[in-house]
Amino acid sequence: MLAEVDLFDQIDRDVLDATVEIHTHLNRLQAQQSRLLDRSQRAGAYRADGAVTLASWYAARTGMDGAAASRLTRRATRLRHYDQLRDAYQAGQVSSEHVDVIVRATTTRRYPALHEAEPALVTLARHGTPTDVRRAVKLIRDHTDPDGTDAEPMGPGPDERREVTVHPGIDGLGDLHGTLVPEVHELLAQLIETLATPDGKDVPKEQRRTAAQIRHDAFAEILRRAAAATLETKNGARPHVNLMIDLWTLLGREAAATFESRLRRTGTIDDQLARDLLAQWGLHDEGFLTNVILTAGPYRPVAFGRSLRTIPDWLRPLLEHIHTHCRYPFCDRPVAWTEADHVIPWADHGETEWDSTLPACKGHDSHHAMHTTGGWSATYDPHSGIATFTSPTGHQIRTHPPPRRC
C-alpha cells in the first residue's frame, strides 16, 4: 500500500512518476464512477430507498453538496452520448475536467456538431489542457450558435446548467454562487447597475465601499424591494425573516439557554444581534421579521397545537425552523417546497401538531407514496429530532435533524 511507503526513502524521480500514475488511476476511477451512476440512473434503483433523484441520494450517502452530486450525475448521463470520449476517460487518458467541458456544452442543437468533432476533441483532450478543449468547444458553439441563444439542453425541459446555491459562510455571512440563463443574467445585471450607488465625496476614504461591496448593497436593495412588493403568499405566509430564540436569551440570561439564536436559513447568530433584530423589526407591521419562535431547547418549541386536518398558518414557521428541508429519505429540497404531512394519517386519528407532522416535498408526497400506494410508514421523535421511515420490505432509514449551522 502506498500509504505504508516511506516516501523520503524513495528516489525523487520515482515519486514524481508515481504522482502522474496516480492521476491516471484517478481518471479511471472517476470514469467508473460515471459508469455506475449512469447505470443507477437508468435502473432507478435509488427509489427503493425512498429518494426522488439519484443526485439527492448520492449527496446524502457521500456527504457532498447537492450541486456537486448533480454535476456528477449530469456528467454520467450525458457521457453516454460520446463513445470515444467515454473510452478515453475509462482508459485514464483524459480527465474529468476535459469531459465536463464537452458535456456541459452539449445541447440538443449543438450535439450533432460536437458529435462530429468528437474524434478531434478527444485527441486534443489527450494531449492538451481543459482550456485547450474549452477553446475548441467555443469555436464549435460559436459556429452552430452564433447569436448565443441556443440553450436547449439534451432532452426536454429548461436548461439543466442553470443553478443558484446559497450556503452559510463564516461569522454569519452567506456564500452565493450561480449560473444564470441569459435573460436572468441580463435582468439581474441591469437591476444591480440601476441600484448601485457610489459613495459620495463626503464619505471618508477609509469608509468607502469597494465596487463588489456596492454591488452587494444593490443586490440587498433588490431583495428588500421584492419582499416589500410581494403580495403572494407561500404556505400561508409572505416572504419574511424567521428568528428562533431561546426564552432565557430573550431575557438576557444566555448562560441558562440551551439553544443558540438562529435565523432559519443563515444559521446561528449572535444573541445580541437576535435581540437587536427583534427590537428593530419584530414590533412593526412593515418589518420582515414576522415570525419569532421561542424555544425551551432545540426541538422543543413553545407552541400550542390545534385540532385541524390542514396545518394552520401559524404552525408553518415552527416546522420551517425545526426541519429546514424535506425530512424524507435522501432529500434536501428546501422546506419552502414542502407541505406538512401527518406522521400518523389523519384518517387514522393523527393530530395536526408540531411534533406529529413532517415536511414532505411533492416527490415524497406521503399521502400517495408513503401511507397508501407506496406502503411506507414513518415515526418521529421530537426529543432527538430523528425521523424513522420503514419501507414496504421492512428496511428502516433514519433521517437525523438538520445540523445546527454555525
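Just a yes or no: is a residue in segment 31-54 touching a Cys at 6+ places or on another chain (Cβ under 9 Å) and open to solvent by 30 Å² or more (accessible area, probe 1.4 Å)? Quick ask: steps written out before the conclusion?
In the first step, residues of segment 31-54 are kept if they are touching a Cys at 6+ places or on another chain (Cβ under 9 Å); the result is 50-53.
Cutting the leftovers down to open to solvent by 30 Å² or more (accessible area, probe 1.4 Å) gives us 52-53.
So far as segment 31-54 goes, yes, one or more of its residues are touching a Cys at 6+ places or on another chain (Cβ under 9 Å) and open to solvent by 30 Å² or more (accessible area, probe 1.4 Å).
Show the residue pairs meeting these rules: Cβ distance below 9 Å; 6+ apart or different chains; first residue within segment 390-401 and over 12 Å from GLY375 (Cβ atoms); second residue acidic (Asp, Glu).
Filtered contacts from segment 390-401: ILE397/ASP49.
Filter segment 260-271 down to residues that are modelled with pLDDT of 75 or more and not in a strand (DSSP E or B), then give me how many there are.
Residues meeting the conditions: 5.
Just for segment 245-263: of the residues that are of a type in the set (D, E, K, R) and in contact (Cβ under 8 Å) with a residue 24 or more places away in the chain, which one is surrounded by the fewest Cβ atoms within 10 Å (Cβ to Cβ)?
Initial filter on segment 245-263 (of a type in the set (D, E, K, R)): 246, 253-254, 260, 262.
Subsequent filtering for residues that are in contact (Cβ under 8 Å) with a residue 24 or more places away in the chain retains 246, 260, 262.
On the way: ASP246: 24, GLU260: 20, ARG262: 24.
Across segment 245-263, the extreme among qualifying residues is GLU260.
Would you mind stating whether ALA60 is small (Gly, Ala, Ser), touching an Asp or Glu at 6+ places or on another chain (Cβ under 9 Å) and over 29 Å from GLY375 (Cβ atoms)? Outline the logic, then answer.
Numbers: small (Gly, Ala, Ser): yes; touching an Asp or Glu at 6+ places or on another chain (Cβ under 9 Å): yes; over 29 Å from GLY375 (Cβ atoms): no.
For ALA60, the condition - small (Gly, Ala, Ser), touching an Asp or Glu at 6+ places or on another chain (Cβ under 9 Å) and over 29 Å from GLY375 (Cβ atoms) - is not met.
In segment 55-67, which residues are over 11 Å from the mean Cα position of the chain (by Cα) and surrounded by fewer than 18 Cβ atoms within 10 Å (Cβ to Cβ)?
Keep residues of segment 55-67 that are over 11 Å from the mean Cα position of the chain (by Cα), which gives 57-58, 60-63.
Selection gives ARG61, THR62, GLY63.
Quick one: in segment 159-215, of everything that is open to solvent by 100 Å² or more (accessible area, probe 1.4 Å) and β-branched (Val, Ile, Thr), which residue is farthest from ALA68 (Cα to Cα)?
Filtering segment 159-215 for residues open to solvent by 100 Å² or more (accessible area, probe 1.4 Å) gives 162, 166, 170-171, 173, 176-177, 183, 185-187, 193, 201-202, 205-208, 215.
Right, trim to β-branched (Val, Ile, Thr) and you get 166, 170.
Working: VAL166: 13, ILE170: 21 Å.
Among them, the one singled out is ILE170.
Tell me the residue from ALA189, ALA220, ALA227 that is under 30 Å from THR107 (Cα atoms) and assigned to a helix (DSSP H, G or I), please.
Details: ALA220 fails: under 30 Å from THR107 (Cα atoms); ALA227 fails: under 30 Å from THR107 (Cα atoms).
Every option except ALA189 fails the conditions.
For segment 52-76, give me each residue that is among the hydrophobic types (A, V, I, L, M, F, W, C) and modelled with pLDDT of 85 or more.
In the first step, residues of segment 52-76 are kept if they are among the hydrophobic types (A, V, I, L, M, F, W, C); the result is 52, 54-55, 57, 59-60, 64, 67-69, 72, 76.
Residues satisfying the conditions are LEU54, ALA55, TRP57, ALA59, ALA60, MET64, ALA68, ALA69, LEU72, ALA76.
The values are calculated or read from the model by the stated rules, or taken from the named source; none is laboratory data. Here the structure is a predicted model, which means the values were calculated and not measured. All Cβ positions, even for glycine, are placed from backbone atoms using ideal geometry, and neighbour counts span all protein chains on display. Just so you know, the surface numbers come from the protein's heavy atoms only, side chains and all, with ligands and any DNA or RNA stripped out. Shrake-Rupley method; radii C 1.70, N 1.55, O 1.52, S 1.80 Å.
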